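In what follows, a single structure is set out as structure tokens and then discussed.
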Amino acid sequence: MPNNIISEGKTTNEAIENGLKKLHVSKNQVDIKVLESEDKRSFFSILAPRVVKVELTLKENKQEEKIEASNKPREVRKYTTKELEVAENNVKEFLNSFLKKIGNNIEFSINKEETGLSVTITGVEAGHLIGYRGETLYSVQNILVAIASKNLETRVRVILDIEDYKNKRIKTLEELAERMEKRVIRTGKSVTLEPMKPYERKIIHSKLQSSNKVTTHSIGEEPRRRLVISLK
């Protein structure tokens, strides 16, 4: 999707509306510059068809979609063996105490990688730690990052999964993306999904970025930002 376009119309409003439709965005998501207004008409052009030209440029927050849709991996910090050992002991001590308060049938495992810790929690009662759409899970993950980084001069990366929730959620979102793609192609109408977190929007962006029929973009502000799927 281009960052800016030049759009035409019989009036300024019509030119702007035509441009917004091409970009699939709302008026508050673009900067507007009038290149040729309806007032600038000479005596010799009075009989010619009226054409107004405007330039629409996407605002900076719109550029987030390029980041969300990108599959290019970010550079991840690598930790020393000593840092990982300290982080693992911190997390292990915390979880041994914390999980006993949640239930008796909960287990956890910690895998050390040079890019951080991978923590997996399983058990019948572990589901209480997932929450609505993983909100509790990600809150616990943030806590584990703070716990792991205790007594260290660096912030240790911790990835938490509970009862394979993340893989299941990815599959659910990818299936949603496929269904919505088919609906948009069938009806010719754009579909606006309910508010999602950035990582969830990224999953759908990535799933549909190779489609030759539909395109995706987001509208609104966090935490109510929504993803829109529309025809190319």
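The values are calculated or read from the model by the stated rules, or taken from the named source; none is laboratory data. Only a predicted model underlies this, so the values are computations on that prediction, with no experimental measurement involved. Cβ sites come from the backbone with ideal geometry, for glycine too, and all protein chains shown count toward neighbours.
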Of all residues making up the stretch 1-28, the number that are within 28 Å of SER211 (Cα to Cα), modelled with pLDDT of 80 or more, in a helix (DSSP H, G or I) and touching a Lys or Arg at 6+ places or on another chain (Cβ under 9 Å): 3
Within the stretch 89-105, considering residues that are more than 19 Å from ASN142 (Cβ to Cβ) and loosely packed, with under 12 Cβ neighbours inside 10 Å, the one modelled with the lowest pLDDT: ASN104
Residue count for the stretch 108-156, restricted to those that are of a type in the set (Gly, Ala, Ser) and in a loop (DSSP other than H, G, I, E, B): 2
Subset of the stretch 207-232 [surrounded by 16 or more Cβ atoms within 10 Å (Cβ to Cβ), more than 22 Å from GLU135 (Cβ to Cβ) and polar (S, T, N, Q)]: SER211, THR215, THR216, SER230
Top-ranked residue in the stretch 161-189 [being closer than 30 Å to SER139 by Cα and among the β-branched types (Val, Ile, Thr); ranked as nearest to the chain's Cα centre (by Cα)]: ILE170
Candidate set from the stretch 212-232 (those that are assigned to a strand (DSSP E or B) and of a type in the set (S, T, N, Q)); member that is modelled with the lowest pLDDT: SER218
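Okay, residues lined up against (1) in the same structural domain as VAL30 (by TED's automatic domain parsing); (2) assigned to a loop (DSSP other than H, G, I, E, B); (3) farther than 30 Å from PHE108 by Cα:
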{"site": "GLU174", "(1), (2), (3)": "no, no, no"}
{"site": "GLU178", "(1), (2), (3)": "no, no, yes"}
{"site": "LYS182", "(1), (2), (3)": "no, no, yes"}
{"site": "ILE185", "(1), (2), (3)": "no, no, yes"}
{"site": "GLU200", "(1), (2), (3)": "no, no, no"}
{"site": "HIS205", "(1), (2), (3)": "no, no, yes"}
{"site": "SER210", "(1), (2), (3)": "no, yes, yes"}
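In the stretch 75-91, what residues are basic (Lys, Arg) and within 30 Å of the chain's Cα centre (by Cα)?
ARG77, LYS78
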Which numbered condition ALA146 fails, given (1) more than 23 Å from the chain's Cα centre (by Cα); (2) over 16 Å from PHE94 (Cβ atoms): (2)
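Mind checking which residues of the stretch 106-126 are surrounded by fewer than 16 Cβ atoms within 10 Å (Cβ to Cβ) and either under 25 Å from the mean Cα position of the chain (by Cα) or of a type in the set (A, V, I, L, M) (or both)? First the steps, then the outcome.
At the first step, the residues of the stretch 106-126 found to be surrounded by fewer than 16 Cβ atoms within 10 Å (Cβ to Cβ) are 107, 109, 111-115, 118, 122, 124-125.
Listed by number, the residues that qualify are THR115, SER118, VAL124.
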Single match in ARG224, ARG183 (criterion: over 30 Å from GLU88 (Cα atoms), of a type in the set (Lys, Arg) and touching a residue at least 24 places away in the same chain (Cβ under 8 Å)): ARG224
Meets criteria (exposed (fewer than 14 other Cβ atoms within 10 Å of the Cβ), assigned by TED's automatic domain parsing to the domain that holds LEU95 and either under 12 Å from the mean Cα position of the chain (by Cα) or not in a helix (DSSP H, G or I) (or both)) for GLU194: no
